[in-house]
């Protein structure tokens, strides 16, 4: 029983020490890196046009409905109202 | 002379006797026929308005006028107007045998857009009745409103013939003029029907039948101009509308005419000319109208202000605002105004005659009844004039908005030309005879800067359309 207890304490202590050791890990990145673009090779098709161009389109015209007389209904009504 | 005096004495004493009889009936009679009896006696003593108030009550109580009295009722409506029957339901008036009252009912139905009933009610209207031209005119317009143009035109043609006959046979100048105006109204409404049916040429030839001396003629110019507009004769449109600039027609200012001028310039791609019309409208007419509105709005709740405005001297009105004079002139030429004013004056004279009689319960009753009707008549005429004037103000504002749209269209078209790198082929020219469309009966005279009465309404511009000759010129980079 005594040994088992000691073994358990030792195991816990070891585990804690292991976790603490993991937290203190320092990751170092490269401060400078060099890419040689000349050696890079990209596979694919060229889709962009070779020359800059603007496509012409019709200017949007906002239609205004101008008043056009089609009837004299109001004037005819008024002719009746204005009789005797 | 002796005979005349004796005749007048007999007539006067008869009239007085009838009045006394009416008074006795008023005091003693309790029968259902009481109001009809009083009406008969007062009518015979020539107190027409007073008698009409008793007849109104008799009808309102659900009674029908005996057939032998229908002629009296016709006379009554002519002498007093129909305001006294305004409180009677249309159905009660329709139920009467009097054609005058049926006609009054038809106007009421027309105002309620019950056109089918109007046509039905006036279909059997006797053509020998004094109100026949007006009744058939009403029927024709009701048929037109129901889009039954064929029947409408038939009625209007019949109305024109009847009114012309009555004008010819009438020896009284005022009545002759009255029936002539009715005949012209019938003809104008036929032309309007043709316009609605897009038979513009037919409409124009009918408008040409109105003599230039007629009161209605200035109004036909603009209507004729619209027909020419649809026939794409914009030079004629502009020529017709420029007639309103003649000093003889200075009382006639129609906002719609300014709009139609601008629209015609726009159609001819004369953008600068359209712009001039819009600018002038905004800077002058709208300003003047705002002034007019201030004057009228200050008195809008008055029951007499507008009536008084039409009664005084014209010169006084000119100082107030240029439009007041014009509107007063136009209102004074309306049939409705003239008839209502005559009736009002007649009613006031009758009231004064009753006030001179011995004051008792009966004369007080008559006075009260007449005061109520006279006040109602006065308010109605006042309202009619007020409406005419405020309608004008509203019209100015409405066409100000429409002209704004025209100016936007002008800007848009100009921008289009600019973006497309185009320009109009021609600059504004003074015009030429070769651009004028005319028939074999029309002769050409150059306008020398003065308006001659016999030339009015026959003008045409000679401008060349700028649209047809657009020249595409690419802007160089």
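Computed values, structure above
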item: Residues within region B:315-348 that are more than 14 Å from chain A (Cβ to nearest Cβ), buried (at least 16 other Cβ atoms within 10 Å of the Cβ), out of contact with any helix residue (DSSP H, G or I) (no Cβ under 7 Å at 6 or more places or on another chain) and under 23 Å from residue B:377 (Cβ atoms), tallied; result: 0
item: Residue among B:369, B:378, B:325 that alone is over 26 Å from residue B:181 (Cβ atoms) and touching a residue at least 24 places away in the same chain (Cβ under 8 Å); result: B:369
item: Leading residue by the ranking (surrounded by the most Cβ atoms within 10 Å (Cβ to Cβ)) among those in region A:60-84 that are within 7 Å of chain B (Cβ to nearest Cβ) and more than 23 Å from residue B:388 (Cα to Cα); result: A:66
item: Extreme residue, farthest from the chain's Cα centre (by Cα), among residues of region B:293-306 that are within 18 Å of residue B:344 (Cα to Cα) and assigned to a helix (DSSP H, G or I); result: B:305
item: Exclusive hit being within 10 Å of chain A (Cβ to nearest Cβ) and without any contact (Cβ under 8 Å) to a residue 40 or more places away in the chain, set B:163, B:142, B:167; result: B:142
item: Yes/no for residue B:401 being surrounded by fewer than 18 Cβ atoms within 10 Å (Cβ to Cβ) and either at pLDDT below 90 or away from chain A (no Cβ under 13 Å) (or both); result: no
item: Qualifying residues in region B:349-362 (those that are closer than 13 Å to residue B:50 by Cβ and free of Cβ contacts under 8 Å to residues at least 60 places away in the same chain) - the one nearest to the other protein chains (Cβ to nearest Cβ); result: B:349
item: Only listed residue being under 30 Å from residue B:412 (Cα atoms), more than 10 Å from chain A (Cβ to nearest Cβ) and surrounded by fewer than 18 Cβ atoms within 10 Å (Cβ to Cβ), chosen from B:258, B:209, B:232; result: B:232
item: Matching residues, region B:138-180, being in a helix (DSSP H, G or I) and out of contact with any helix residue (DSSP H, G or I) (no Cβ under 6 Å at 6 or more places or on another chain); result: B:150, B:154, B:157, B:161, B:165, B:168, B:169, B:173, B:174, B:175, B:177, B:178
item: Of all residues making up region B:122-137, the number that are part of a loop (DSSP other than H, G, I, E, B) and within 11 Å of another protein chain (Cβ to nearest Cβ); result: 2
item: Residue match in region B:187-207 (condition: more than 26 Å from residue B:237 (Cβ to Cβ) and without any contact (Cβ under 8 Å) to a residue 12 or more places away in the chain); result: no
item: Failed condition for residue B:46, given (1) within 14 Å of another protein chain (Cβ to nearest Cβ); (2) over 23 Å from residue A:79 (Cβ atoms); result: (1)
item: Qualifying residue in region B:307-316 (condition: assigned to a helix (DSSP H, G or I), farther than 30 Å from residue B:51 by Cα, under 22 Å from the mean Cα position of the chain (by Cα) and in contact (Cβ under 8 Å) with a residue 60 or more places away in the chain); result: yes
item: Boolean, residue B:32 is assigned to a helix (DSSP H, G or I) and either modelled with pLDDT under 95 or touching a strand residue (DSSP E or B) at 6+ places or on another chain (Cβ under 8 Å) (or both); result: no
item: Flag for residue B:200 being surrounded by fewer than 23 Cβ atoms within 10 Å (Cβ to Cβ), at negative phi and either at pLDDT 95 or above or within 12 Å of another protein chain (Cβ to nearest Cβ) (or both); result: yes
item: Residues within region B:208-223 that are under 24 Å from residue B:143 (Cβ atoms) and in contact (Cβ under 8 Å) with a residue 60 or more places away in the chain, tallied; result: 0
item: Selection from region B:231-255 of residues that are part of a helix (DSSP H, G or I) and within 23 Å of residue B:437 (Cβ to Cβ); result: B:234, B:235, B:236, B:237, B:238, B:239, B:240, B:241, B:242, B:243, B:244, B:245
item: Lone unmet requirement of (1) part of a helix (DSSP H, G or I); (2) more than 11 Å from chain A (Cβ to nearest Cβ); (3) in contact with a helix residue (DSSP H, G or I) (Cβ under 6 Å, 6 or more places away or on another chain) for residue B:109; result: (2)
item: Test for residue B:265: is it more than 20 Å from the chain's Cα centre (by Cα), part of a helix (DSSP H, G or I) and at pLDDT 90 or above; result: yes
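The values are calculated or read from the model by the stated rules, or taken from the named source; none is laboratory data. Keep in mind the model is a prediction, meaning the values are calculated, not measured. Every residue, glycine as well, gets a Cβ built from its backbone with ideal geometry; the counts of neighbours run over all protein chains shown.
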